[in-house]
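Worksheet: the structure to be examined is printed underneath.
The values are calculated or read from the model by the stated rules, or taken from the named source; none is laboratory data. No experiment lies behind these values; they were computed from the predicted model shown. For neighbour counting, all protein chains shown are included, and Cβ atoms are generated from backbone atoms with ideal geometry for every residue, glycine included. Just the protein is used for accessible areas: all its heavy atoms, side chains included, with ligands, DNA and RNA removed. Shrake-Rupley method; radii C 1.70, N 1.55, O 1.52, S 1.80 Å.
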Amino acid sequence: MEDNVEVEIRSIQLQEPPGGVSSSSPARVVIFADSKSRERAQRRRAHIQFATLCWTLYLSGWNDSTTGPLLPRIQRVYNVNFATVSLLFVFACIGYITGALSNLVLDGRYGFGKVIVHSFLRSLFQVVAYCFESTAPPFPLFVLGYAINGVGMALQDAQANGFVASLRDNPEMKMGILHAVWFRAGAFSSPLVATQFVQKPHWSFHYLCSLGLSLVNTILLITVFGWKTQDECLAQIGVPPCEKGNSERSQFRQVFALRAVHLLAFFILVYVGVEVTVGGWIVTYIIDIRGGGPSSGYISSGFFGGLMTGRLCLLWVNRMVGERRVLFIYALLAIGLELAVWFVPSLVGGAIAVSMIGILLGPMYPIAMNHARRVLPRWLLTVSIGWIAGCGQAGSALLPFMTGAIASKSGIGILQPLLVSMMAFMTSIWILVPSSARRED
């Protein structure tokens, strides 16, 4: 009996307890090292992906703010009035809407990477557009380039915003960086360059700069994302695929059944329209109404610089007050400053007020995108944000065109009352946007 007990005790001593592998054992060290190495590789890959999308948004910002400083020169070169030159915005709007609708179909069929790398084909069209725009061709061809460019820009903006909103680590901060540091950096730098070209005989050579940026963007997108879906791209950085909905309806129908999507899309359409209307027409307003000189194009840079500053420097205010609530404060202050630009006949004062308006308008776009992330189903987030961003791009063309059409009849002095009414309308839409998510199947 004692022999049996001794054998059992000895057997137990020889067995290793579960999980009893020493921390210094080679197997544990190898597993730990592999895990750390994989995490570092995923972080590095995530930084590369995010930086690539930042460059895409830089190009989008560059494109959006190019037209404003060039408008007076385009009018003189082609001898066209406000309504005719506004066709640039109309055809850009057609391109943006086409791209936004295409994104709803292409994303579900081909996936994120394959849609965004279709920018290679878009870039080929953009290369052609920038090439003949740089030669200052007949006005119909010049306008056509804006439509072709709009399709690609809408696709890229939609996919970039949707991808960042799907990230797991600090998506709110990254959305702010995406639109502040990069989109607004592009919007800030483009007028600085365009203002230099507008005073040169070969003013249209500015589009050669845009061509170079577009080529770099295409190479980066193909290299980093390849022909992968969004879930595959997220898996490369350790983000699990998003859950799927139970509805048997197509993504297209599910998205368009969401009231929040339509309200956010309408809000972004008006917001971006206000933004681009200020940046696009303020130079003409300052020259014609306030007697500004050729360097008035720098006021446009001041506005876009304010947008960039506001998106960065007001992040703490957004968190402290609450994003939904603080947007109302920004909107009311911006309307007040717009009234000052309208009624105070000061060139310097107007320039400063325009920059401050940019600071106040700056945080609104990322606030709306972050809000979409909170109130929309995760499995429809990329497609929904794609539609919302595409509507914003359409607004960047539609509202400036309306401004130009009215200005051709009543003069550019109508810019300020139009902007005040647009800002008030935008604020009223935000009131209707749901504050919390509604359960979807």
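When restricted to residues that are surrounded by fewer than 20 Cβ atoms within 10 Å (Cβ to Cβ) and touching a residue at least 40 places away in the same chain (Cβ under 8 Å), region 259-277 contains 3. Scanning region 351-409 for residues that are aliphatic (A, V, I, L, M), within 13 Å of the chain's Cα centre (by Cα) and open to solvent by 10 Å² or more (accessible area, probe 1.4 Å) yields a count of 0. For W342, the criteria (1) at pLDDT below 90; (2) surrounded by fewer than 24 Cβ atoms within 10 Å (Cβ to Cβ) hold in every case but one, which is (1). Selection over region 307-339 of residues that are open to solvent by 60 Å² or more (accessible area, probe 1.4 Å) and among the aliphatic types (A, V, I, L, M) gives a count of 6. Pairing residues of region 310-324 that are within 14 Å of R374 (Cβ to Cβ) with residues that are buried (at least 21 other Cβ atoms within 10 Å of the Cβ), at Cβ distances under 6 Å and at least 6 apart in sequence or on separate chains, gives N318/P363; E323/I367. Of all residues in region 291-304, how many are modelled with pLDDT of 85 or more and open to solvent by 10 Å² or more (accessible area, probe 1.4 Å)? The total comes to 2. When you look at A92, is it modelled with pLDDT under 85, within 21 Å of T277 (Cβ to Cβ) and among the aliphatic types (A, V, I, L, M), yes or no? For A92, the condition - modelled with pLDDT under 85, within 21 Å of T277 (Cβ to Cβ) and among the aliphatic types (A, V, I, L, M) - is met. Restricting attention to region 147-162, the residues that are in contact with a Phe, Trp or Tyr (Cβ under 6 Å, 6 or more places away or on another chain) and in contact (Cβ under 8 Å) with a residue 60 or more places away in the chain total 3.
Taking the criterion of being of a type in the set (G, A, S) and either open to solvent by 40 Å² or more (accessible area, probe 1.4 Å) or touching a Lys or Arg at 6+ places or on another chain (Cβ under 8 Å) (or both), the residues of region 45-82 that qualify are A51, G61. Consider region 184-203 and keep the residues that are in contact with a Ser or Thr (Cβ under 6 Å, 6 or more places away or on another chain) and open to solvent by 10 Å² or more (accessible area, probe 1.4 Å). The one that is nearest to W55 (Cα to Cα) is F188. Scanning region 326-357 for residues that are free of Cβ contacts under 8 Å to residues at least 60 places away in the same chain, part of a helix (DSSP H, G or I) and of a type outside the set (S, T, N, Q) yields a count of 13.
Rundown of residues vs (1) within 30 Å of T382 (Cβ to Cβ); (2) small (G, A, S); (3) at pLDDT below 85, yes/no style:
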{"residue": "V216", "(1), (2), (3)": "yes, no, no"}
{"residue": "L221", "(1), (2), (3)": "yes, no, yes"}
{"residue": "A235", "(1), (2), (3)": "yes, yes, yes"}
{"residue": "C242", "(1), (2), (3)": "yes, no, yes"}
{"residue": "V283", "(1), (2), (3)": "no, no, no"}
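Here V151 meets the list (1) farther than 16 Å from N103 by Cα; (2) open to solvent by 30 Å² or more (accessible area, probe 1.4 Å); (3) assigned to a helix (DSSP H, G or I) almost entirely, failing just condition (1). Here Y110 passes the criteria (1) at pLDDT 75 or above; (2) open to solvent by 20 Å² or more (accessible area, probe 1.4 Å); (3) of a type in the set (S, T, Y) except the one numbered (1).
Scanning region 414-421 finds one or more residues that are open to solvent by less than 10 Å² (accessible area, probe 1.4 Å), aliphatic (A, V, I, L, M) and in contact with a helix residue (DSSP H, G or I) (Cβ under 9 Å, 6 or more places away or on another chain).
For the structure I just gave you, tell me whether G280 is closer than 15 Å to V348 by Cα and either surrounded by fewer than 24 Cβ atoms within 10 Å (Cβ to Cβ) or of a type in the set (G, A, S) (or both).
Numbers: closer than 15 Å to V348 by Cα: no; either surrounded by fewer than 24 Cβ atoms within 10 Å (Cβ to Cβ) or of a type in the set (G, A, S) (or both): yes.
So G280 does not fit the description; no.
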